[in-house]
Amino acid sequence: MKLLEYPDAEMMMMNLADTLAGELKNALLTHDTASLAVPGGTTPGPIFDSLCSVDLDWSRVHVMLTDERWVPEDSERSNTRLLRQRLLVDRAAAAQYMPLYAKAETPEEKLPELAADLDLALPISVCLLGMGADMHTASIFPGADRLDLALNGDDRLVAMRAPGALEPRITLSAAVLNAAISRHIVIVGTEKRAALERAQQLTPSEAPVAAILNGATVHWAEK
Ligand SMILES: O=C1O[C@H](COP(=O)(O)O)[C@@H](O)[C@H](O)[C@H]1O
């Protein structure tokens, strides 16, 4: 794992947007299409605000989330809602969005069709992940019901319920995240920095983020 420390979060978000854009442009030089996986939650909004206006051929880019909360798209908890408001706008509105949510009571009902659609966009060219202070990444949570499947199975997508998650989740598996050509993790604050350091001493079952640290670049700013 490589750790990049930034003087402040604003600079980090702009830098990271540039890095992701550069990697996408490179991928498009040698492939017809490229894919970008991004997290939801509270951290990545400012990255999306910069990335969405980058001049690249977005029509050849598949955009997907690393994970989704099983709530309707108009819910404030929806990661898709965040993407539609802040990433899939401006030039990036031309990207092809691969949803991880479809209208149904439970993620299990839609999982096979969502997973089949994803195949078009795998392996991921550029992957950005977040991390919670509880050391979850994507929606791979400590104590989750299908933790072993998400960490060690071959499935691309896993439906999850966990004590630390407010609603059912659907998440890309560690296998899919680790197959990404480039992997970045963005974290802000001293609590998450301490959690990252703790995770490096723990097993992936105790600290799921540990499963995807090898080969990743972690971007950190205190505030
Ligand atoms: O629930 C989630 O949490 C993580 C971390 O979110 P943050 O609000 O602490 O930045 C996020 O990476 C994930 O995509 C999201 O579903």
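Bear in mind these aren't lab numbers, they're just calculated from the coordinates by the rules spelled out. Just so it is clear, the model here is predicted, and its values are computed rather than measured. Here the Cβ is made from the backbone with ideal geometry for all residues, glycine too, and neighbour counts use every protein chain on show.
For the reader, a short list of remarks on this structure follows.
- From its DSSP helices (H runs of at least four residues, each -39,500 (n - 2.57)), the chain gives a residue-normalised ellipticity at 222 nm of -9000 deg cm²/dmol.
- Packing-based ranking, highest mean first, of 32-40, 175-183, 112-120 given that Cβ atoms within 10 Å are counted: 32-40, 175-183, 112-120
- Taking every C-alpha pair closer than 8 Å and separated by at least 6 residues, the mean separation divided by the residue count of the chain gives a relative contact order of 25 percent.
- Distance in nm between pseudo-label sites at residue 18 and residue 179 (7 Å out along the Cβ direction from Cα): 3.3 nm
- Within-11-Å neighbourhood charge of residue 77 [Cβ basis; K, R +1; D, E -1]: -2
- Estimated translational D of the range 25-86 in µm²/s (Stokes, Kirkwood radius over Cα pairs; 4 °C; 1.567 mPa s): 102 µm²/s
- Formal net charge of residues neighbouring residue 14 (Cβ-Cβ distance under 15 Å; K, R +1; D, E -1): -3
- For residue 129, distant residues with modelled amide H under 5 Å away: 184, 185, 186
- Helix runs (DSSP H) in the chain reaching 24 Å along axis by Cα, Kyte-Doolittle at least -1.0: 9-30
- With the charge dipole of the range 2-221 set up from +1 on Lys and Arg Cβ and -1 on Asp and Glu Cβ about the Cα centre, the Cα lying farthest toward the positive end among the listed residues 72, 188, 141 is that of 188.
- Cα centroid separation, the range 194-219 to the range 1-49 (Å): 20 Å
- Panel values: the chain, Kirkwood radius from alpha carbon pairs, Stokes-Einstein at 37 °C and 0.692 mPa s, translational diffusion coefficient 191 µm²/s.
- Efficiency of FRET between residue 222 and residue 202 - r from beta-carbon atoms, R0 22 angstrom, step 0.05: 0.45
- The distance linking the range 100-172 with the range 68-85 is 15 Å (Cα centroid to Cα centroid, whole angstrom).
- Highest-first packing order for the peptide set 188-196, 60-68 is 60-68, 188-196, based on the mean count of other beta carbon atoms within 10 Å.
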